[in-house]
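Worksheet: one structure, shown below.
The values are calculated or read from the model by the stated rules, or taken from the named source; none is laboratory data. Just so you know, these numbers come straight off a predicted model, no measurement behind them. Don't worry about glycine lacking a Cβ; one is built from the backbone with ideal geometry, like all the others, and counts go over all protein chains shown. SASA here: full protein model, heavy atoms, side chains in, ligands and nucleic acids out. Shrake-Rupley method; radii C 1.70, N 1.55, O 1.52, S 1.80 Å.
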There are 2 protein chains.
Amino acid sequence: MEGIDNVASIRDVAKKAKVAACTVSRVLNNSGYVAPETREKIEKVIKELNYIPNELARGMFRQKAGSIAMLIPNIVHPFFSTLASYIEKELYNRGYKLMLCSTDADINKERDYMETLKSNIVDGVISGVSNLQLKEYKNFNKPLVMLDYVVNSKIPVVASNHKLGGELAAKKFIDSGCKNVIHICDDKTTKVLSYQCHIALENMLKVHNIKSKAIEIKWNDFDFEGYLNLAKKVLIERPDTDGIFAADMPAAAFLKAAIKLGKQIPKDLCVVAYDGTYTTNSNILNITTVVQQVQLIANKSVENIISLIEKDNIIEPYTEIDVYLREGETSF
Amino acid sequence: MEGIDNVASIRDVAKKAKVAACTVSRVLNNSGYVAPETREKIEKVIKELNYIPNELARGMFRQKAGSIAMLIPNIVHPFFSTLASYIEKELYNRGYKLMLCSTDADINKERDYMETLKSNIVDGVISGVSNLQLKEYKNFNKPLVMLDYVVNSKIPVVASNHKLGGELAAKKFIDSGCKNVIHICDDKTTKVLSYQCHIALENMLKVHNIKSKAIEIKWNDFDFEGYLNLAKKVLIERPDTDGIFAADMPAAAFLKAAIKLGKQIPKDLCVVAYDGTYTTNSNILNITTVVQQVQLIANKSVENIISLIEKDNIIEPYTEIDVYLREGETSF
């Protein structure tokens, strides 16, 4: 380590404080018991000698931390857990570890995690959440890649082609002969790009004279029972509903509610999920789904964050990844 | 910060190096471009003035990092993602953030993450993986709580009562009139406590003259298609199988395979899952399941790790949490 190789050693500190080196080590590592007055003495000597522990000295000139954080709104959500899993593998292959932080879809937690991540514990952040104000992302002081959310041209974005996703779903409803489609979405205040799939769906259905209705849900907690109750309520209140478009888990809830209400699938109700995680295939019926290519999203996110960290270079400000439709047993 | 309040400031460094304070900041944060010779000069002055950046100074006397790491073998696994989610909430309520690390069920990654976590980026570790040798956990230099794995009395363990779990499942098979039960388990070399449920199941079924057969799977990758293929193969090769005991996702695979093979549930096949995550209720049929009380496991793990960190005190070396049976539609 150039420039700091003749600073005081742990032994110098121990000698001057008249304690064993391992006691100094205990203070530095905060492990095991050290009497308060001994601790005070050691801290005083550390200051006098300007001793810098190795790992801190290393951090001081910012050797790589070797870790990258990923912010996700919810660990249980199968889309984010699957994506995080691929990102972990890809990062590890490239010599980095993943520190996964779940913000619990809470803006205060998001801000809090972002603050923590400004320190040198990670080299960069891949963020799958975006509730803060634009300037908070702009002012983030280290490499950042956003998923599904545009800040500015200096922060690379990786996103699925959600417009295509909405169109593929709409086409499936048209082909299945649906007349009344309900789509379940986040509240419209959200500025995430994934919302485009709902706009595209509505537009395309309208052109084909098919009614569509958006129902907004907040998914602060990942709550299947909540989805199931909503699904039952909607299907009872709107018995002419013949098409459902929703993320994987709410789609599974509508499928289940419809079957419990005696509906035939897909004759009475066509269900198209969005995301295409393993949950769409682990059900007794395979759910027809628009699939986000999670592995590709992971690879592109990792390429971008590593390029920023190692070369201070933006590969591509906006990477768009196509989605595709996977046929299941819940549509014609 | 007592003891270090009259060290050099970032402005002193900037003045002596004849650069702007923001340039010093760029060097410290490794953000933006700084000419190599300028960087060298700044690093030299930092050394001369023994400047310690605030965050490092803080770390030096080991204020709390404010974060706790959790090691899990797989983020996608619904048991671990649900548990991690509860741990995140509970830690946050107590003023700590969660850094989640997935070891991808790989012993080298586990060792690598443990090494990284020895540094001061976290105050302690809750580990849901245990592939290393006992001494590696013993020598870990900071507060550690293990899930489902006993190291020694200095490392608190939180575990479900897996023996009870196996007995509850066995009782369900007995009550459902099963004669040939297959249970799916990890390879027997594993020393995790959860293996007890398989031993208890076998013992109790034997007493009641019910045949049981363990089939071992390795779940290095969380692969529903793999489970499904195994399930089909087993059910075709062993057509007299009338009971299946497995973790949530392989249980769902057996349920699906059985229905595809034309079996009536539960008349022809009784399925009992182990874990009881949301996936057992999100299927079209509710799967009968032995439920691990994830929220309680989370709370106890957090209580234990915080007591170790803040008081160097072990609340309880071994916390056992009861499981219970939740009736579904896949058993009598």
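Between copies, A:Val207 shows label-point distances of 6.8 nm, shortest first, with the point placed 7 angstrom from Cα along Cα to C-beta. Using a cutoff of 8 angstrom between alpha carbon atoms and counting only pairs six or more residues apart, the relative contact order for the range A:162-293 works out to 25 percent. In nanometres and ascending order, the distances from the B:Ala35 label point to those of the other copies are 5.5 (point 7 Å from Cα along Cα→Cβ). Summarising the strand pairing of the protein assembly as shown, around 10 percent of its internal DSSP beta bridges are antiparallel.
Bridge orientation summary for chain A: considering DSSP beta bridges with both residues in this region, about 10 percent are antiparallel.
Got a sec? What order do B:Met70, B:Met204 fall in by accessible area at 1.4 Å, biggest, i.e. largest, first? Please report the intermediate quantities before stating the final value.
Details: B:Met70 0, B:Met204 50 Å².
From most accessible down to least: B:Met204, B:Met70.
For the residues A:Val192, B:Val181, a 1.4 Å probe over the protein chains yields an accessible-area ranking, largest first, of A:Val192, B:Val181.
Computed about its Cα centre, the charge dipole of the protein assembly as shown is approximately 900 debye, with only Lys, Arg, Asp and Glu carrying charge at their Cβ. In chain A, the longest principal axis of the Cα atoms and the axis of helix A:224-237 are about 20 degrees apart. Taking the longest Cα principal axis of chain B as reference, the axis of helix B:78-93 is set at about 40 degrees. Of the whole protein surface, A:Thr82 contributes about 20 Å² of accessible area at a 1.4 Å probe radius. Rg/Rh for the protein assembly as shown (Cα atoms only, Rh after Kirkwood) is 1.02.
Label point of A:Gln293 (7 Å along Cα→beta-carbon): distances to the other copies' equivalent points are 4.7 nm, sorted ascending. Shielding by partners for peptide A:75-85, expressed as the average number of C-beta atoms from other protein chains within 10 Å of each residue's C-beta, is 6. Of the solvent-accessible surface of chain B, computed with a 1.4 Å probe and all protein chains present, 47% belongs to carbon and sulfur. The figure for B:Ser176 is an accessible area of roughly 20 square angstrom, using a 1.4 Å probe on the protein chains alone. Could you give the angle, 0 to 90 degrees to the nearest 10, between helix A:294-311's Cα long axis and the longest principal axis of the Cα atoms of chain A? Around 30 degrees separate the two axes. Interface residues of the range A:36-50, defined as those losing at least 20 Å² of solvent-accessible heavy-atom surface relative to the isolated chain (probe radius 1.4 Å), are listed as A:Glu43, A:Ile46, A:Lys47, A:Asn50. Couplings 3J(HN,Hα) of the range A:260-274, computed from phi: 5, 7, x, 6, 8, 10, x, 4, 8, 8, 9, 10, 10, 8, 10 Hz, in residue order, whole Hz [Karplus 6.51 cos²θ - 1.76 cosθ + 1.60, θ = phi - 60°; x for Gly and Pro].
For the range A:56-190, the relative contact order comes to 21 percent (Cα pairs under 8 Å, sequence separation of at least 6).
Remark: chain B carries a charge dipole of roughly 520 debye about the Cα centre, counting +1 on each Lys and Arg Cβ and -1 on each Asp and Glu Cβ.
Overall size of the range B:162-293 from C-alpha positions, given as principal axis extents largest first: 33, 32, 27 Å.
Taken over the range A:116-166, lysine pairs spaced eight or more positions apart, or on distinct chains, with alpha carbons under 13 Å apart number 5. In units of the rule-of-thumb radius 2.2 N^0.38 Å, the range A:241-328 shows an alpha carbon radius of gyration of 1.47.
Amide hydrogen proximity for B:Thr319: with H placed 1.01 Å from N in the peptide plane, the residues at 5 or more positions away or on another chain lying under 5 Å are B:Val157, B:Val158, B:Ala159. Checking the cross-link pairs A:Lys172/A:Lys233; A:Lys191/A:Lys213; B:Lys109/B:Lys191; A:Lys47/B:Lys47; A:Lys211/A:Lys232 against a 22 Å limit on the alpha carbon distance flags A:Lys172/A:Lys233 as lying beyond it.
What is the interface area between chains B and A, defined as buried accessible area summed over both chains with a 1.4 Å probe, reported in Å² to the nearest 100?
On the way: alone 17130 and 17090 Å², together 27950 Å².
Adding both sides of the contact gives about 6300 Å².
Would you mind classifying chain A by shape? Square roots of the alpha carbon gyration tensor eigenvalues, ordered a ≥ b ≥ c; an a/c under 1.5 is rounded, otherwise it is prolate if a/b is larger than b/c and oblate if not. Taking the square roots of the gyration eigenvalues as a ≥ b ≥ c, chain A is prolate. Per-residue surface analysis assigns A:Arg238 an accessible area of about 90 Å², computed on protein heavy atoms at 1.4 Å probe radius.
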